[in-house]
Structures are given as C-alpha cells and as structure tokens.
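A quick write-up on the structure given underneath.
The values are calculated or read from the model by the stated rules, or taken from the named source; none is laboratory data. Remember, predicted model here, so these are calculated numbers, not experimental data. Cβ coordinates were reconstructed from backbone atoms using ideal geometry, including for glycine residues, and neighbour counts include every protein chain displayed. SASA here: full protein model, heavy atoms, side chains in, ligands and nucleic acids out. Shrake-Rupley method; radii C 1.70, N 1.55, O 1.52, S 1.80 Å.
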Amino acid sequence: MEPPLDDDLDEVYESAPCGLFSMTPDGVIVRINQTLLSWLQASREEIVGRRFQDLLTMAGQIFHDTHFMPLLAMQGFAREIAFEIARPGAPPVPTLVTTTARRDPSGRVELYRAVVFEASSRRSYEQELLRQRRAAEQEATARSALLAMLSHDIRSPLASVLMALDLLDGAATPEARTRYVQVARKAASSMRELLDAILDHSRLEAGASVWEPQPTDLRSLLGEIVSIHSVNAETKGIELRMKIDAAVPERVMADRFKLGQIVANLVSNAIKFTEHGHVEIKLRTVRLDQGDAELELRVSDTGIGISPEQLDAVFEEYQQASSATARRYGGSGLGLAISRKLAALAGTTIHVESKLGAGSTFTCTLRLPLARAGAQALSL
C-alpha cells in the first residue's frame with residue numbers, strides 16, 4: 001500500500017484537475033482520486049483492488065499487455081499513452097496516461113503512479129487544427145491556380161490591345177482603323193471587368209464593404225441591368241426576360257449599388273453559360289408588412305447546368321465548377337463568390353438549384369424596409 005497523505009495534501013490529491021491513481025507492479029489499483037472516479041462514474045470501493053487493464057476497452061487491454069507494461073518494465077516510465085477507459089452504459093473516456101515507477105532503496109519497483117488527462121477536448125482541438133490546415137492548403141492551391149489563370153486572362157487581352165495598336169498604326173483605310181479600334185476597346189473592356197472583380201473581392205475580403213441602405217426603385221434597378229446585358233444576350237441569340245410581381249413595393253431601403261452588383265453578376269453568369277433559350281430575372285413578394293417587405297429574387301437560365309457534386313464549388317472563391325468549364329467559358333470564377341459575400345452583407349444568402357444540361361436557378365430572399373413617402377430613389 002502507498003503511505004497515507006496528510007489532510008492538506010489529501011485534499012489536493014482528491015480534487016486535482018487531472019486523474020491520479022497508483023497501482024502495484026502487477027497492475028492492481030491501490031489508490032485513486034475523486035476526479036478520476038467522477039470520470040469513471042464509479043465509487044472508490046468499485047475501483048480499488050481491480051487491475052488497471054480491466055478498466056480499459058478491449059483494444060486498450062491488448063495494447064496494455066503487449067506494449068504498455070513491457071515499456072514500463074524496461075524504462076520505468078511511459079508518457080502520454082492513449083487509452084480509452086470503459087464505462088458501463090456510457091461512452092468510453094479518451095485519456096492520456098503518464099506513468100512513473102516508485103522504487104525501494106534496492107531499485108525494485110514498489111508502485112506505479114499515474115497521471116490521467118481527459119483527452120476528448122484535446123482530440124477535438126487537434127481535429128480542428130487538422131481541418132483548418134487542410135482548408136488552408138486547399139485555399140493556397142486555389143489561389144495559386146487563380147494567379148495562373150489571371151495571368152493568362154490578363155495577358156491575352158493585353159496582347160490583343162498591343163496587336164490592334166500596331167495594326168492601327170499602319171492601317172490604310174478608315175474601315176480598317178475602325179475595326180482595330182473596336183478590337184482594342186473590347187480587349188481593354190475585358191481587362192477592366194477582370195480587374196474590377198479582383199478589386200471588389202479584395203475589398204470584401206478586407207471587410208471594407210458595408211450594406212448602405214438608400215431609397216431604391218427596384219423596377220428601375222432591374223430594368224437598367226436588363227438594358228446593360230441585353231446586348232450580350234442578343235449577340236448569343238438568347239432571350240433576356242424580366243418579371244416583377246405587381247405586389248412588389250415601388251421603393252425599398254436597399255444598397256442600390258451592391259444589390260445591383262448581385263443581380264448583374266448572376267445575370268452575367270447565366271448569359272455566359274447559356275447557349276440557347278433564355279435567362280429570366282423574377283422578383284416576387286413573399287410577405288408585405290406595414291414597415292418592410294420580404295422579396296424573392298430569382299435568376300434562372302436554360303444553360304449547361306451544374307452537376308450535383310459540383311454545386312457546392314460554384315460559390316467557392318477562386319473556383320469554377322470545373323477546370324474544363326473555366327477553359328471553355330473563361331472568367332475568374334469570382335463573380336458568384338462576390339455575390340454571396342454581398343448577399344451576406346444584406347443578411348441573406350444565395351441558393352442554387354440546377355440540373356446538368358437543363359439550366360440553373362439562383363435564389364435570394366431579401367427582407368428590406370419600405371422607403372418613406374417622398375424619399376428619392378437614386379440611380380446607378
């Protein structure tokens with residue numbers, strides 16, 4: 001038996017924040033503190049006199065006999081050995097056990113003293129660290145891929161601008177000069193759109209953007225977006241539709257610029273991935289109270305659609321649904337990520353439903369206060 005402690009030390013032993021026990025060289029427990037007993041949900045009489053290995057799960061018992069005890073016998077200590085201690089009718093307790101030998105003057109082992117730490121919180125912490133590390137590695141890989149893609153996407157229109165300028169310098173006819181100017185203008189516009197997307201995303205990443213409500217005429221806003229994108233739709237031979245529920249209020253308090261950016265990104269994305277058919281913007285009233293309105297905004301298309309396994313990726317930063325899609329249709333893959341972050345500023349999110357080869361529908365539910373009578377709506 002281990003010698004008794006005085007009252008003060010006994011109180012410290014019993015209430016220590018870790019489990020403590022002592023066992024004989026053949027593994028019989030002769031002392032145990034109240035902390036470990038509470039973890040085991042057992043009384044002192046139920047544990048003292050039992051072998052430590054009998055408290056373990058089956059896998060722990062095997063490890064105890066084949067590794068733990070031989071290690072103790074060889075070096076006299078074992079640090080942070082993982083054991084699961086079984087509990088009748090309850091999940092086992094994951095622990096880390098550090099054990100040292102107490103020897104008599106001749107060097108013979110009298111007792112083994114063990115310190116037991118409950119390891120579930122540590123295990124959760126380690127799993128969270130591993131999850132964050134994997135997420136960081138995936139983001140780093142995605143960022144590298146984005147930089148490579150952006151380098152290509154910027155160099156290509158820049159080369160077109162330089163080529164058009166060289167040809168313009170030697171153009172012999174007004175028609176040729178006009179054609180080369182149009183090529184340069186289109187390439188420069190493509191670069192500007194790409195750089196605007198990068199800047200928008202950087203501002204959102206830095207937390208520099210906020211939702212700034214102002215009186216907004218939703219019909220006017222959506223009409224402007226349709227007008228801006230109608231040329232691209234007509235060029236591809238697809239129909240760009242707009243349907244607004246008659247119950248939608250005339251004016252609400254919304255950040256006109258950011259809301260317009262959300263819709264414009266969704267419409268631009270829909271047009272890009274639609275070869276025939278139509279793209280439709282639909283706004284309807286879900287609920288209308290005296291002070292605010294709950295509105296559902298839907299942008300749907302008859303485009304290529306998204307497979308179920310790729311749905312989660314479309315809103316990820318620096319990614320498109322697949323590398324093949326990125327090569328065929330171009331773009332940075334930032335548009336939907338920006339829209340999702342802008343929607344978050346408004347306290348909402350964007351959901352997508354899609355069927356491969358049959359089109360996609362992006363839905364956003366907005367709760368917006370009604371604008372006061374006489375408030376002036378602003379333009380883009």
Collect the residues in the range 79-108 that are among the basic types (Lys, Arg), in a strand (DSSP E or B) and open to solvent by 60 Å² or more (accessible area, probe 1.4 Å), keeping them in residue-number order. Arg79, Arg103
Pick from the range 361-380, criterion at pLDDT 90 or above, out of contact with any Lys or Arg (no Cβ under 8 Å at 6 or more places or on another chain) and over 23 Å from Ser227 (Cβ atoms), ranking: most open to solvent (accessible area, probe 1.4 Å): Arg367
Per the filter on the range 264-301, residues hydroxyl-bearing (Ser, Thr, Tyr) and surrounded by fewer than 17 Cβ atoms within 10 Å (Cβ to Cβ) are Thr285
Identify, by number, the condition in (1) at pLDDT 75 or above; (2) open to solvent by 80 Å² or more (accessible area, probe 1.4 Å); (3) within 36 Å of the chain's Cα centre (by Cα) that Ser209 doesn't meet. (2)
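State yes or no: is Ser43 within 22 Å of Asp104 (Cβ to Cβ) and either surrounded by fewer than 13 Cβ atoms within 10 Å (Cβ to Cβ) or of a type in the set (Ser, Thr, Tyr) (or both)?
Judged against the criteria, Ser43 is not a match.
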Leu194 being modelled with pLDDT under 85, open to solvent by 80 Å² or more (accessible area, probe 1.4 Å) and assigned to a helix (DSSP H, G or I): no
Which ones in the range 164-190 are within 36 Å of the chain's Cα centre (by Cα), surrounded by 13 or more Cβ atoms within 10 Å (Cβ to Cβ) and modelled with pLDDT of 70 or more? Lys186, Ala187, Ala188
Residue pairs within 7 Å by beta carbon, gap of at least six or interchain, first lying in the range 327-349 and open to solvent by less than 20 Å² (accessible area, probe 1.4 Å) and part of a helix (DSSP H, G or I), second among the hydrophobic types (A, V, I, L, M, F, W, C) and modelled with pLDDT under 90, listed first then second, are Leu336/Val314; Leu336/Phe315; Ala337/Phe315; Ile338/Ala197; Ile338/Leu204
Is there a residue in the range 61-78 that is open to solvent by less than 70 Å² (accessible area, probe 1.4 Å), in a helix (DSSP H, G or I) and in contact (Cβ under 8 Å) with a residue 40 or more places away in the chain? yes
Where the second residue is open to solvent by 20 Å² or more (accessible area, probe 1.4 Å) and of a type in the set (Val, Ile, Thr) and the first is without any contact (Cβ under 8 Å) to a residue 60 or more places away in the chain and lies in the range 246-267, which pairs have Cβ atoms under 6 Å and are six or more apart or on separate chains? Ala247/Thr285; Val248/Thr285
Restricting the range 25-44 to residues that are part of a helix (DSSP H, G or I) and in contact with a Lys or Arg (Cβ under 7 Å, 6 or more places away or on another chain), the one farthest from Ile85 (Cα to Cα) turns out to be Leu37
Flag for Ala233 being modelled with pLDDT under 90 and either within 27 Å of Arg192 (Cβ to Cβ) or not in a helix (DSSP H, G or I) (or both): yes
Tell me, which residue of the range 221-245 that is open to solvent by less than 50 Å² (accessible area, probe 1.4 Å) and touching a Ser or Thr at 6+ places or on another chain (Cβ under 8 Å) is nearest to Ser300 (Cα to Cα)? Leu240
